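Structure record follows, encoded as structure tokens.
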There are 2 protein chains.
Amino acid sequence: MEELPGALGTSASLALRLGQAIFAVASLLFMCLEVEFYSYTAFCFLVTIMGLIIPWSLTLAVVDVFSVFIKRPARQPGMLSIVVIGDWVLSFLSLAASCSTAGVTSLLLASGGFCGGKLCTRYRLSAAMAFLSWFLSLTSALFNLWLLPSV
Amino acid sequence: MEELPGALGTSASLALRLGQAIFAVASLLFMCLEVEFYSYTAFCFLVTIMGLIIPWSLTLAVVDVFSVFIKRPARQPGMLSIVVIGDWVLSFLSLAASCSTAGVTSLLLASGGFCGGKLCTRYRLSAAMAFLSWFLSLTSALFNLWLLPSV
């Protein structure tokens, strides 16, 4: 099996997973800390999805750490299929969450008065972080999908 | 080359393309007719993306018609790659557009007063149609991606 950088069990994959988790945590912090996000459906959706991405990415980061540092290969076909499906589902969900957050934030900004300048900036940053997390998640999903037929 | 139902040049693909175009037209009609959608960024985005999906799907529907009824195969590797890339990009964009529309609509509904009952229903229907169009577009993209290595 050739080593495809970015696929499950490589150091590039570890970096991608850590990036996803970090951006998801940043998005969650910007959204949650001292903000009443409960009143907006889109923001609740974002918080839910980011709360799903963090454990998923951290678990796979641990798998990568085992594979990279302890040299224990972690690629069984069944496991890789589950990882690919989970990655794709989470990547679609995080795209949906970040886009709905961005839409709602732009509406709040345009209507004025609903969020002060600082609060709106935080919503925007949260949407941007979720978008970055989606991008890394999509990259992981593509690399793993590419690897799938060769396992 | 085996016949994969749903891939470019089959009657299932023709049905998928027509479905995409019909749902996109429905979404556009619900959004545009006698409604001031210009004031919301998310709605403008939806209108733009649906306006891109309609010609794309109709063009590929014509290709399918040629392939199915006139028996002229339309699968060159280069062409299929372009179709797959376009399908994926449009499917991501339409997911983003439908989700941001849904987020904004739910916010408008919750805040009340910004849209009457009938107007909000139309926004919702538009988002639902865009979502269905996304689903069919993703199906096409998956089938064509599956076919890509065998061409």
Quiz item: Can you find a residue in region A:123-146 that is more than 13 Å from chain B (Cβ to nearest Cβ) and basic (Lys, Arg)?
Solution: no
Quiz item: Can you name the residue in region A:126-151 that is among the hydroxyl-bearing types (Ser, Thr, Tyr) and surrounded by fewer than 19 Cβ atoms within 10 Å (Cβ to Cβ) and, of all such residues, is nearest to residue A:21 (Cα to Cα)?
Solution: A:139
Quiz item: Limited to region A:56-67, what total is found for residues that are closer than 16 Å to residue A:84 by Cα and either free of Cβ contacts under 8 Å to residues at least 12 places away in the same chain or charged (D, E, K, R) (or both)?
Solution: 2
Quiz item: Is it true that some residue in region A:104-113 is modelled with pLDDT of 90 or more and either crowded, with 17+ Cβ neighbours inside 10 Å or not aliphatic (A, V, I, L, M) (or both)?
Solution: no
Self-check item: Failed condition for residue A:47, given (1) in contact with a Ser or Thr (Cβ under 8 Å, 6 or more places away or on another chain); (2) closer than 22 Å to residue B:95 by Cα; (3) open to solvent by 10 Å² or more (accessible area, probe 1.4 Å)
Solution: (1)
Practice problem: Report, by residue number, each residue of region B:96-127 that is without any contact (Cβ under 8 Å) to a residue 40 or more places away in the chain and either among the basic types (Lys, Arg) or closer than 14 Å to residue B:31 by Cα (or both). | Solution: B:102, B:105, B:115, B:118, B:120, B:121, B:124
Quiz item: Considering B:91, B:100, which residue is within 14 Å of chain A (Cβ to nearest Cβ), closer than 21 Å to residue B:149 by Cα, crowded, with 20+ Cβ neighbours inside 10 Å and in contact with a Ser or Thr (Cβ under 8 Å, 6 or more places away or on another chain)?
Solution: B:91
Quiz item: When only residues in region B:20-56 that are away from chain A (no Cβ under 13 Å) and among the small types (Gly, Ala, Ser) count, which is farthest from residue A:110 (Cα to Cα)?
Solution: B:21
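The values are calculated or read from the model by the stated rules, or taken from the named source; none is laboratory data. Worth saying up front: this structure is predicted, and the values here are computed from it rather than measured. Neighbour counts run over all protein chains shown; Cβ positions are idealised from the backbone, glycine included. Note: areas computed on protein heavy atoms with side chains; ligands, DNA, RNA excluded. Shrake-Rupley method; radii C 1.70, N 1.55, O 1.52, S 1.80 Å.
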